[in-house]
1. Using DSSP to call loops (not H, G, I, E or B), can you name the trypsin sites (Lys or Arg not before Pro) in the range 439-535 whose Cβ has at most 13 other Cβ atoms within 10 angstrom?
2. Going by amide H atoms built from the backbone, whose H comes under 5 Å of the H on LYS245, apart from near neighbours?
3. What are the DSSP H helices in the chain that stretch 15 Å or more along their long axis, judged by alpha-carbon atoms, and whose average Kyte-Doolittle hydropathy comes to at least 1.0?
4. Hey, which aspartates and glutamates would be in cross-link range of LYS278, C-alpha to C-alpha under 17 Å, not counting anything within fewer than 8 residues on its own chain?
5. Rounded to the nearest 500, what is the 222 nm mean residue ellipticity of the chain from helices alone, with -39500 (n - 2.57) per DSSP H run of 4+ residues and division by all residues?
6. Kindly put SER447, SER462, SER101 in sequence by how many other C-beta atoms sit within 10 Å of each C-beta, fewest to most.
7. Considering only C-alpha atoms, what is the centroid distance from the range 377-423 to the range 55-87, in Å?
8. Find how many whole Å separate the alpha carbon centroid of the range 160-237 from the alpha carbon centroid of the range 670-700.
Amino acid sequence: MRRLIALMAALFSVALTAPPALAEDGYDLWLRYRPLPAAQSAALPAAVLAGEQDPTIRAAAQELERALAGYRGGQAGSGQGAILLGTASAPQIAAQRLPLSGLGEEGYLLRSVTVGGKPVTVIAANRPAGVLYGAYALIRRMQLGQPLAGLDITDRPKVKLRILNHWDNLDRSVERGYSGQSIWDWWRLPDAKDPRYIDYARANASLGINGTVLNNVNAKAESLTAPYIAKAAAVADTLRPYGIKVYLSARFSAPIELGGLKTADPLDPAVRAWWKAKADEIYRTIPDFGGFLVKANSEGQPGPRDYHRTHADGANALAAAVAPHGGIVMWRAFVYAETDPEDRAKQAYTEFKPVDGKFADNVLVQVKNGAIDFQPREPFHPLFGAMPKTPMMVEFQITKEYLGFSTHLVYLGGLFAETLEADTFAKGRGSSVAKVIDGSLDNHRMSGIAGVANIGSDRNWSGSVFDQANWYAFGRLAWNPNADPRAVAGEWAGLTFTPDPAFVQPTVQMMMASRQAAVDYMTPLGLAHLMATGHHYGPGPWVSDLARPEWNPTYYHRADAKGIGFDRTRTGSNAVAQYAPPVARRFADPDKTGEDLLLWFHHVSWDRRMADGSTLWDTLVRRYDRGVAGVATMRRQWDALRPYVDAERWEHTASFLAVQQREAQWWRDASIAYFRSISGRPLPAGVAEPAHPLDWYKAQSFPFAPGN
Ligand code: GCV
C-alpha cells in the first residue's frame, strides 16, 4: 500500500509539473519550435544580440529567441556563444568588415566568428529585411539539426517581387478557397487586428515572401473606398516589420462605380485624374503601398477593350497614378472572350504579344503558368519568352482548384518546377521560364512571381497539413526558381514533422509521386479541364451544354468515335506556332511531344500505337488505373509513417487520403465509363469495370461544393 501511495504521489507530481501537451493541429506550420535532442540543444547559442533598433530586426531577434526557447524546451541556455544580428549601420556588425556588397536589398550572410574569445554567429545584411531572412535561414538550420559551426553562407533572392494573391472577397468568402473563410476579417478591421496576422507575416517572411494582394482579382470597387483603404492600412501596419508590402486588386470600372464618371476609358483625362487622386489617397494612408493587380476583360470583368483600347493603355493609366509613389501594376494576361472563336489557349498571346514594349516602366504582365487555367498538367504558357520588352511574372495556383481541393495530397513543388525549368528557346537553348521571370534573360530591372494563396481561417491555415507544403514550396521557389522541388519537400517535411531520414525519405517519395498520380486519375496524357461545372469538383468530361464553348469539357478533349485530343498543330488551331521554332517543332510532332502532353496538342486515333506498343485507348485506361494505384501506395506509405507523427496530424492526413482514394476511383470510373461510350473500345483484359453505369456518374451533383 505504501508503495502504491508513493507511486500515485509520484504520478500526481508529474502530472502537475509536466508541460501542457501541445496541440498538434498544424497551426505552427514549419515554424514548429519543439524541444531538440539534448546534444543538439546543448550546442545552441545562449543569447541573441540585436545590433540596432529597428522593427524588422526586432522581429528577427524575437523569432530567434522564440525558436531557441522552444528548442530548449524551457531550459535556460547553456552558454554556447551568441547570435549577433544587424546591418552594417550597427557598430558591432561594421566591426566585422563583412562582404555585404553583393547581397543586394534582401540578401544575407551567416558567418561564424569569434568575438572576445566567444563563438558568435553573425547574421548580417544591407537592409533589415535581409537580416530577417537570415534569421529564418539560421532557424531552419537549427531545426533540421544541421551544423552551426564554421558557417559562411550567403544567399539572396533571384526574383524581386514574391507575392501571394488572395482571391478573398470582402464578405470573407474565398474564391477557390478550401481552408475556411478569408483570414482578413474585413468587417472588424481596422479596429480589431487578429493576432493571427502576425503569424501569417512570420510564416511568409520565413519563406521570403515580400508582398500580398489582399483581395480577389474579381474585385469589388468598394475595396478602393476610404473605409476599406483604412482596413488594408491596418493589415499593412502589421505586415510591415516582416518585410511584406500590401497590394490591392483594382476593378477597372471603379472610376464609374466610385467616381460617378460616365466612362472608365483609360485615355480619358477625367479617368486618369480619378486614378491619380485615388492612388494619392491610398499612399496617404499606406505610404509603402505596393500597387495594383488587375484582371481586365476576362470572365466578365471590365477592361480597356470595352473602350477599344489595348491592355497596355489600361495598365499604363493605373501605372501613371502609382508611379510617383514608387508603386507598380501587375496586369494579368489571363484573358479570353466568348466572342472570340479562337482556341482559348491562343487568345492571351494574340492580345498581348503585339503590345510588347508598349507598357509603362512600372508594369509587369502576370501570366499563368499554362495557357488555359492551372490544370494538373499544362505546357508552359507561350507568352513566356515572347514579350522580351516587358517584365513577365508567372502566376501559380497554390490553392488546388483543379487538383482535388485541400483533401487530396498533391505536392505542387514539381508542377511549379516543371514550368520554371521549361525551355522557351526564346534566345536559344537555355532560355528557361525561370530566366524569363527572374528578369535575367532580357535584363529587366523588375521581376516577379505570384501564387494564388491557399490560406484561410482553418486552424491549420491551408485545409490540410500537406497543403502547407505547397505554400512552402511556392515561397522557396519564388526565392530561388532553380531550387530543387525534392529538396524543398525534404526541408518542409523535416521542419514540419521530424528531420529523421527514416521519416523524410519516404515522405518526400510520396510527395514527389503525388502530382503524377493526380494527373493520371484526373486528366492523363495531356487531357485538361474535364472537371464538373462551376465548382470544378469531380469529373464531368461529358458536359457540353454550357453557354460558352470553352467552358465545356467536350471542347477540350474533342473525343469522337475515331479518336481524342485537341489538334493544336497546323491542321488544327496552330497554337504550336506561338512557341519559338524549336519548341513549336517538338509540339507539332506527336512522336516528339511526349506522352504527358500528347492530347493537349494532338487529336489522335484511339488505336494509335504508343511507345510501348499498346493502343492509346488501352494506355489511357491504364493511366487511370495507375493514378488510383498511386493513391493506394501513398496510403500504405503514410500508414508506415505512423510512428513518426503525432496522432492528430497523422489521423487528419490519413482520413484525407481515404477521401482521395475514393475520389480517385470515382474519377477513374466515371472517365473510363464516359470515354468508353465514345470510343466504343472494350476495356483491356484484366481491367476492372467502373462501379456504376455512366448515367450514375452524370447524375451526381454537388451544389454545396466549396470555393465556388
Ligand atoms: C478569380 C479560373 C477560376 C476563377 C478565377 C479565374 C482567374 O477561371 O475558376 O475562379 O477567378 O481563373 O484566374 O481569374
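Just so it is clear, none of the values below were taken in a lab; they were calculated from the coordinates. Owing to the predicted nature of the structure, the values given are computational and were not obtained by experimental measurement. Heads up, the Cβs are rebuilt from the backbone with ideal geometry, glycines too, and the neighbour counts pull from every protein chain shown.
1. Taking the range 439-535 and a limit of 13 other Cβ atoms within 10 Å, the loop trypsin sites (Lys or Arg not before Pro) found are ARG445, ARG459.
2. GLY211, THR212
3. Passing helices, by number: 2-17.
4. List returned: GLU222, GLU257, ASP265, ASP268, ASP288.
5. Counting only the DSSP helices, I get -12000 deg cm²/dmol.
6. The most exposed by this proxy come first: SER101, SER447, SER462.
7. 37 Å
8. Each part reduced to its Cα centre gives a spacing of 44 Å.
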